[in-house]
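Report on the following structure.
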Amino acid sequence: MSMVHKSVLLTETLEHLNVRANGIYVDATLGGAGHSSEIVQKLQEGILVGVDQDEFAIQKASTTLSEFNKNVKIIHANFSEIAKIVEEAQISFADGVLMDLGVSSFQLDDASRGFSYMHDAPLDMRMNKTHEISAYDVVNGYDEDDLRSIFLKYGEEKWSARVAKFIAEERTKTPINTTFQLVSIIKAAIPKSARREGPHPAKRVFQAIRIEVNGELAILEQSIKNFVDILAPSGRICIITFHSLEDRIVKNVFAELQNPCTCPREFPICVCGKTQTVKIITKKPVIPSEKEILENPRARSAKLRVAEKI
């Protein structure tokens, strides 16, 4: 399978990351190495630490970045495993951290991974293939109420109850094995009038299942705080999100780290002892230009938020 990967908000991210020739930078979601390829070209004595939980991404990125071996350390890990990352990379701090929370183009385009509702494939959606729970297990094993809750919470799907009901009924007849089987059930559950406008009717449900399978939101808040902890003073963390749930978490964590005081407003001075650790650089998220969206439609929902260590 050829891997065609277009990095979202590439120019904007590099500008905000403030890459220095001798700095240490962590790409916590290495993916197709699009961002990393640009970062490493700006390094002389500096180090790029590339992290991904997807073994296929690790293999491909290793090839892509092979000419920069002296400046690159690639680690197979989830970005939540900060202790492992620091130990294997042999670093004690970072001058910049990048987290691109989207599914990589090659993951979507590789039908065998089961991420896309546009390709027929076995239900999988695991970013780490060694992970025990797959999309098949969620769709066929979770009870109807849990499915409804997941679709509503992680997909903001207003037809969540109806979709969960249709899935529960269908799997009593035969297991739901493939993405197209699931798409067909979702289309049957969502009234035709509601499918005339907006995104693909399966988009929100597929998003919800992917988040559940990979535990994406459960680890995000603490992971952001952990990476901020290892940032050097004036180091920056750049986070690209692709849906409102992720963006809300990033926005709230940055706000908390910029203003952590829990004292009542009427107190004349702070007595809680909590101090500011970051300064928010992007008061509003950076979004792709119309030109970028035209060239790469998958960039449409991307948002970049940046904070700087105090």
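The values are calculated or read from the model by the stated rules, or taken from the named source; none is laboratory data. Please read all numbers here as calculations on a predicted model, not as lab measurements. All Cβ positions, even for glycine, are placed from backbone atoms using ideal geometry, and neighbour counts span all protein chains on display. Heads up: the accessible areas ignore ligands, DNA and RNA and are worked out on the full protein's heavy atoms, side chains in. Shrake-Rupley method; radii C 1.70, N 1.55, O 1.52, S 1.80 Å.
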Suppose we flag GluC sites (Glu not before Pro) only when DSSP calls them loop and at most 15 other Cβ atoms lie within 10 Å. Which is the longest uninterrupted stretch of the chain?
46-131
For segment 88-147, with all protein chains present and a 1.4 Å probe, just round the carbon and sulfur fraction of the accessible area to a whole percent.
46 percent
5 angstrom amide H check on residue 94, placed H, neighbours 5+ away
231, 232
Fluctuation leader among 165, 251, 283 - the chain, Gaussian network, Cα springs under 10 angstrom
283
Descending semi-axes in Å of segment 152-261, equivalent ellipsoid built from Cα gyration tensor
37, 15, 11
Check cross-link reach from residue 6 to the lysines: straight Cα distance under 27 Å, and skip same-chain residues fewer than eight apart.
42, 60, 70, 73, 129, 203, 251, 283, 284, 291, 303
To the nearest 10 degrees, the tilt of helix 203-214 (Cα long axis) against the first principal axis of the alpha carbons of the chain is 60 degrees
Residue-level accessible surface for residue 204, protein heavy atoms, 1.4 Å, Å²
90 Å²
From the phi angles alone, apply the Karplus equation (6.51, -1.76, 1.60; θ = phi - 60°) to segment 73-84 and give each ³J(HN,Hα) in whole Hz, x where the residue is Gly or Pro.
10, 10, 10, 8, 6, 7, 5, 6, 8, 4, 5, 5
Hey, what's segment 47-197 come to in accessible area per residue, 1.4 Å probe, Å²?
49 Å²
With 0.36 nm assigned to each residue of separation and the Cα-Cα distance removed, residue 130 to residue 11 gains 39.4 nm
Shape call for segment 228-281 from the C-alpha gyration tensor, a ≥ b ≥ c root eigenvalues: rounded (a/c under 1.5), prolate (a/b greater than b/c) or oblate?
oblate
Compare 298, 236, 126 in a GNM of the chain, Cα atoms joined below 10 Å, and give the one with the largest fluctuation.
298
Amide H contacts of residue 7 (H built 1.01 Å from N, under 5 Å, at least 5 apart or other chain)
none
For 286, 278, what's the largest-to-smallest order of accessible area, 1.4 Å probe?
286, 278
Cα-Cα pairs in segment 180-222 separated by more than 14 Å, as a whole percent of all pairs, come to 55 percent
Gain in span if fully extended, residue 153 to residue 234, counting 0.36 nm per residue against the direct Cα distance:
25.6 nm
How large is the helix-only mean residue ellipticity at 222 nm for the chain, computed as the sum of -39500 (n - 2.57) over DSSP H runs with n ≥ 4, divided by its residue count, in deg cm²/dmol to the nearest 500?
-12000 deg cm²/dmol
Derived scalar couplings ³J(HN,Hα) [segment 102-114; Karplus, 6.51 cos²θ - 1.76 cosθ + 1.60; whole Hz; x for Gly, Pro]:
x, 6, 5, 4, 6, 6, 5, 7, 7, 4, 5, 7, x
Could you pull out every residue, at least 5 positions away or on a different chain, whose amide H is within less than 5 Å of the one on residue 75? Hs are placed 1.01 Å off N in the peptide plane, and Pro or chain starts have none.
50, 51, 52
Given that just one value was derived from the coordinates, which of [x] 31; [y] 40; [z] 46 is percent of Cα pairs over 29 Å apart?
[y]
Segment 102-194, convex hull of Cα, quarter of hull surface, nm² -> 6.2 nm²
Can you work out the Karplus-derived ³J(HN,Hα) for every residue in segment 115-121? Use 6.51 cos²θ - 1.76 cosθ + 1.60 with θ = phi - 60°, whole Hz, and x for glycine or proline.
7, 9, 7, 9, 10, 7, 6
Spin-label pair residue 244/residue 63, simplified geometry with 7 Å Cα→Cβ offset, distance in nm:
4.0 nm
